[in-house]
Amino acid sequence: MSVSEENFPTFIKSFLQYLEFEKRYSKHTLIAYKDDLANFLSFLDLQYVPWQIENINHAIIRTWVVELSDNEIGARSITRKLACLRSLFKFLLQRKIVETNPMLLVKAPKVEKRLPVFIEENEITLLFNGDFFTDDFQGIRDKLLLELIYGTGLRLSEIIDLKEVDFKLNFNEMNVLGKGNKYRIVPIHHHLQTKLQEYHKLKKLEFECNSTSPFLVTDKGKQLYPMFVYRKVKQYLTLISTQEKKSPHVLRHTFATHLLNKGADLNAIKDLLGHSSLAATQVYTHNSMEKLKKIFEQAHPRA
């Protein structure tokens, strides 16, 4: 049984407040961190280790990793949990609550690299050119939601947090608040501009709104929430694709992959996605290389 949040020790509560109010982590990330920390504290209880920070050393953390593995927790999940502890001890060092970092002696398990899942270009064309969306507010909103993710590559949290004030005149670009509380400017192509203007006019007829109102809203005019967006994306992608995974992040991957396939500069894609380093963006080159290999095998007489 996991330890409840209200029973967390003071040093963990301070860490979570730091993530929420200073680092501005998303609600989704905060929930994941809380779950990981609750899991770790429960493990300490089972080991009869008091929660005092001085009792947590690399040997204890390694034992936790072994137990997670024995319980068939995947390498990717274990790596995420260890990343949570790394962030925790980095915070504790900065605040001079600890003098050493036990995570320096803990290695994460090897994670098999997975290529980003994406939707084929012909399927995306079918989605937006087909007769899948109704002509009322809900249908226009749904289509814009998918077009906005595919047309800009925004993260789920970024889509949900968009405000009226974030859009520039005539919807030619927008300010996006991304990870680490950092803003970036994202350009909007002409076709998407038209869709944004159409939705905005209809929305103002349906609901009261001001500059700080959420831009995309539910059928009742409320701010979108993660499960709402997940359901909509899955609903429509199911109509045009047999791809097993159908999520907002798949559309983000699709945006980046299609840009790269059309010859876009990798650094430009990095900036559009809001990645802090080029390494995170380079994963999309693997998809493009796979496409090149297929073209080569189909076209070359000696392939």
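The values are calculated or read from the model by the stated rules, or taken from the named source; none is laboratory data. These figures come from a predicted structure and were not determined experimentally. No Cβ is skipped: glycine too gets one built from the backbone with ideal geometry, and neighbour counts run over all protein chains shown.
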So Glu244 fits all but one of (1) of a type outside the set (Lys, Arg); (2) more than 24 Å from His275 (Cβ to Cβ); (3) in contact with a Ser or Thr (Cβ under 8 Å, 6 or more places away or on another chain); what number is the exception? (3)
Which count do you get for residues in region 134-157 that are surrounded by fewer than 18 Cβ atoms within 10 Å (Cβ to Cβ) and in contact with a Gly (Cβ under 8 Å, 6 or more places away or on another chain)? 0
Test set (1) under 19 Å from the mean Cα position of the chain (by Cα); (2) modelled with pLDDT under 95; (3) within 17 Å of Asp161 (Cβ to Cβ) - Cys209 fails condition number: (1)
Of the residues in region 1-49, those that are of a type in the set (Asp, Glu), loosely packed, with under 13 Cβ neighbours inside 10 Å and closer than 21 Å to Ile160 by Cα come to Glu22
For region 114-130, how many residues are assigned to a loop (DSSP other than H, G, I, E, B) and loosely packed, with under 14 Cβ neighbours inside 10 Å? 3
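Go through region 214-229 and give me each residue that's in contact (Cβ under 8 Å) with a residue 24 or more places away in the chain and under 13 Å from Ile160 (Cβ atoms). Explain how you work it out, then say what you get.
In the first step, residues of region 214-229 are kept if they are in contact (Cβ under 8 Å) with a residue 24 or more places away in the chain; the result is 214-217, 219, 223-226, 229.
Within region 214-229, Pro214, Phe215, Leu216, Val217, Gln223, Leu224, Tyr225, Pro226, Val229 qualify.
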Looking at Gly178, is it among the small types (Gly, Ala, Ser) and either touching a Lys or Arg at 6+ places or on another chain (Cβ under 9 Å) or in the same structural domain as Ile31 (by TED's automatic domain parsing) (or both)? yes
Can we say Leu239 is out of contact with any helix residue (DSSP H, G or I) (no Cβ under 8 Å at 6 or more places or on another chain), surrounded by fewer than 16 Cβ atoms within 10 Å (Cβ to Cβ) and either at pLDDT below 95 or in the same structural domain as Gly130 (by TED's automatic domain parsing) (or both)? no
Tell me, yes or no, whether region 152-160 has at least one residue that is touching a residue at least 12 places away in the same chain (Cβ under 8 Å), farther than 20 Å from Gly274 by Cα and in contact with a helix residue (DSSP H, G or I) (Cβ under 6 Å, 6 or more places away or on another chain). no
For region 201-236, give me the residue count where each residue is crowded, with 18+ Cβ neighbours inside 10 Å and among the charged types (D, E, K, R). 2
